[in-house]
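The values are calculated or read from the model by the stated rules, or taken from the named source; none is laboratory data. Every value quoted in this text rests on a predicted model; they were computed, and no experiment measured them. No Cβ is skipped: glycine too gets one built from the backbone with ideal geometry, and neighbour counts run over all protein chains shown.
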Amino acid sequence: MASRSIGFAVLVALVAVGAWAVLSNDDTSETVQTDEPSTTTTTEPFPEPENLGPRLDLVNLDGWLNTDATSIDDFDGKVLVVEMWTFGCSNCKARIPHNQDLYAAHSRDDFEMIGVHAPEFSYEAEIPNIEEAVERLGVTWPVAIDTEKTNFRAWQDGGRRFWPRTFVIDQDGDVRYDHIGEGRYQELADTVEWLIENPPTT
């Protein structure tokens, strides 16, 4: 009997505490405005990519993989990612999953990607090795075979040259993005998206 009385008393106390909490907070339930800055973040619009001048051609190639194209001119009028790479380069391989995502996201008529394969070592210059690596690594976009590194050097004139190096070309053939190495994947994706949505008027 005593334990039943104690249980009832505890229950009454809990109800009383709950009622007091509700009543004491009743007049503070409205939104309070302060002079503190808002913590809500707003997304700034992506800025227009800088125009870095006209792209170069791709010349003296030893062929193409994953396409019927025979020239970079075949992709005119599209937003075009051009990436200098070689299959033995760890930094190049680290970019491939991000390129796969970008390629899948924009697999349509107004976008394309070209991997310009320029070997660092002799085994990377053998076309059967390139073909095997392209399949093994999941490179499904067009690959321009630049065995003599003619384009690798020309597109990176004036100093050091890098694997990988990524360019974005707009529909008029102007370079609008240039990045060396890994990283900045979201910036690349945003640049591509901006150019697709804002084609040049010329």
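So the values come out like this:
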| item | result |
| --- | --- |
| Any hit, the range 12-22, residues being outside any helix (DSSP H, G or I), modelled with pLDDT under 95 and of a type in the set (Gly, Ala, Ser) | no |
| Index of the failed condition, Cys92 passing every other in (1) out of contact with any Pro (no Cβ under 6 Å at 6 or more places or on another chain); (2) under 23 Å from Leu56 (Cβ atoms) | (1) |
| Check on Thr86, farther than 23 Å from Gly53 by Cα, at pLDDT 95 or above and touching an Asp or Glu at 6+ places or on another chain (Cβ under 8 Å) | yes |
| Some residue of the range 128-141 being among the polar types (S, T, N, Q) and more than 24 Å from the chain's Cα centre (by Cα) | yes |
| All positions within the range 142-168 that are under 30 Å from Thr43 (Cβ atoms) and in contact with a Pro (Cβ under 9 Å, 6 or more places away or on another chain) | Val168 |
| Qualifying positions in the range 51-90 - on the phi > 0 side of the Ramachandran plot and of a type in the set (S, T, N, Q) | Asn60, Asn66 |
| Failed item, numbered, when Thr86 is tested on (1) of a type in the set (Ser, Thr, Tyr); (2) surrounded by 15 or more Cβ atoms within 10 Å (Cβ to Cβ); (3) out of contact with any helix residue (DSSP H, G or I) (no Cβ under 9 Å at 6 or more places or on another chain) | (3) |
| Residue match in the range 153-165 (condition: under 19 Å from the mean Cα position of the chain (by Cα) and part of a strand (DSSP E or B)) | yes |
| Glu135 being under 24 Å from Glu193 (Cβ atoms) and modelled with pLDDT of 95 or more | no |
| Some residue of the range 105-114 being out of contact with any helix residue (DSSP H, G or I) (no Cβ under 6 Å at 6 or more places or on another chain), farther than 16 Å from Phe167 by Cα and outside any loop (DSSP other than H, G, I, E, B) | yes |
| Residue that is more than 14 Å from the chain's Cα centre (by Cα), modelled with pLDDT of 95 or more and polar (S, T, N, Q), where the choices are Gln171, Gln186 | Gln171 |
| Complete set of residues in the range 150-172 that are in contact with a helix residue (DSSP H, G or I) (Cβ under 9 Å, 6 or more places away or on another chain) and more than 20 Å from Pro119 (Cβ to Cβ) | Val168, Ile169, Asp170, Gln171 |
| Close pairs from the range 59-74: first within 20 Å of Glu148 (Cα to Cα), partner assigned to a helix (DSSP H, G or I) and at pLDDT 95 or above, Cβ under 6 Å, at least 6 apart | Asn60/Thr150; Leu65/Val134 |
| Residue in the range 147-159 that is β-branched (Val, Ile, Thr) and over 19 Å from Ile72 (Cβ atoms) present | no |
| Only listed residue being outside any strand (DSSP E or B) and either touching a Leu at 6+ places or on another chain (Cβ under 7 Å) or touching a residue at least 12 places away in the same chain (Cβ under 8 Å) (or both), chosen from Val81, Val139 | Val139 |
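Matching residues to (1) under 20 Å from Asn99 (Cα atoms); (2) surrounded by fewer than 19 Cβ atoms within 10 Å (Cβ to Cβ):
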| site | (1), (2) |
| --- | --- |
| Val143 | yes, no |
| Arg153 | no, yes |
| Arg165 | yes, no |
| Val168 | yes, no |
| Asp178 | yes, yes |
